[in-house]
Amino acid sequence: MRRVTPAAPPASPGGFPFFWRVWVLGALLPVWVLTTFVATFARVDGDSMQPTLESGDLLLLLKYPRWLRAWGLPTAYPQRGDLLIFKAPADSPYSYETFLGVRHRPYNVKRVLALPGETVAIEQGRVVVNGRALAESYANDGVLSDQPPLRVPAGKVWVLGDNRLIGESLDSRAYGPVALRDAAGPANLRLWPHPGLVGGEAVSLGP
């Protein structure tokens, strides 16, 4: 009688190569691609965007408009009224803070008011773009000090906090226009605690 020897069961996958394929490439890589090139979350820290934003608000930061622009693809980004998340200019002392003894440039959130090639000034306490005053219903009743006209260079935008009370917002009044290469992207949607659009609306120009 012929004997039959059962075949050994296939070895179960394991070890570092299996871990790399399944957990790193299969799970972590898509998350990295999503948060780097598409969108991620941003938490507000500070009062410079009151009354529009409060400290602790959670925003949806869209990163793909920034990449579309960097790659030379069609995009409407940036637009006047966008809430932009960015790092302030590296050559300004106002752009840095120290945390646990480490000096770094934190990300900020401000409103885009003047686009590349436009002329912006502050006259009689109002922001004036290309000779026309902005009608800013989103800002509080703080007072703006006058500033002479400035032409925004190519590849940069002029930003301002919605909180116009003295000393509440460090923005383009202190460090000048912001380079779009230092911007992470627009964050016009609040997810928590009061979901809804908080930026991106067209900023109407007054007379």
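When a/c reaches 1.5 or more, the comparison of a/b and b/c decides; with that in mind, is the stretch 57-192 rounded, prolate or oblate per its Cα gyration tensor? Each step should come with its number before you reach the end.
Details: a/c = 1.40, a/b = 1.13, b/c = 1.23.
Rounded shape, in that the Cα axes give a/c under 1.5.
Could you put L205, L53, L165 in order of accessible surface area, largest first, with the 1.4 Å probe and the full protein assembly present? Mind dumping the intermediate values first?
On the way: L205 65, L53 0, L165 90 Å².
Correct descending sequence by accessible area is L165, L205, L53.
Kindly report the accessible area of the stretch 77-207 per residue (heavy atoms of protein chains, probe 1.4 Å, no ligands, DNA or RNA), in Å².
Working: 6600 Å² over 131 residues.
Per-residue accessible area for the stretch 77-207 comes out at 50 Å².
Might you report the magnitude of the Cβ-based charge dipole of the stretch 37-85 about its Cα centre, with Lys and Arg at +1 and Asp and Glu at -1, to the nearest 20 debye?
Numbers: 5 positive and 5 negative charges, 76 e Å.
Here the size comes out at about 360 debye.
So what does E136 come to for accessible area, using a 1.4 Å probe and Å² rounded to 10?
40
Can you pull out the chymotrypsin sites (Phe, Trp or Tyr not before Pro) in the stretch 52-115 whose DSSP state is coil and whose Cβ has at most 16 other Cβ atoms within 10 Å? Don't skip to the answer; put the middle values down first.
Working: sites: W67, W71, F86, Y94, Y96, F99, Y107; in loops: W71, Y96.
The qualifying sites are W71, Y96.
If you take every residue apart from L59 with its C-beta less than 10 Å away from the C-beta of L59, what net charge results, scoring Lys and Arg +1 and Asp and Glu -1?
Details: positive: R43, R190; negative: D57.
In short, +1.
Could you derive backbone 3J(HN,Hα) for the stretch 151-162 from the dihedral phi with the Karplus parameters 6.51, -1.76 and 1.60 (θ = phi - 60°), listing whole Hz in sequence and x where the residue is Gly or Pro?
Per residue, the Karplus-derived 3J(HN,Hα) values read 8, 6, x, 4, x, 10, 9, 10, 10, 8, x, 6 Hz.
Tell me, what % of the accessible area of the stretch 29-146 is carbon and sulfur with a 1.4 angstrom probe? Provide the component values of the computation, followed by the final result.
Details: 3560 of 6480 Å².
Using a 1.4 Å probe with all protein chains present, the stretch 29-146 comes out at 55 percent carbon and sulfur.
Rounded, prolate or oblate: which fits the stretch 110-177, taking a ≥ b ≥ c as square roots of the Cα gyration tensor eigenvalues, rounded meaning a/c under 1.5, else prolate when a/b beats b/c? Intermediate results must be reported in sequence, preceding the final value.
On the way: a/c = 1.68, a/b = 1.38, b/c = 1.22.
Since a/c reaches 1.5 and a/b is larger than b/c, the shape of the stretch 110-177 is classed as prolate.
The values are calculated or read from the model by the stated rules, or taken from the named source; none is laboratory data. From a predicted model like this one, the values you see are computed outputs, not experimental measurements. With ideal geometry, Cβ positions are generated from the backbone for all residues, glycine too; neighbour counts draw on all protein chains shown. With ligands, DNA and RNA removed, areas are computed over all heavy atoms of the protein, side chains included. Shrake-Rupley method; radii C 1.70, N 1.55, O 1.52, S 1.80 Å.
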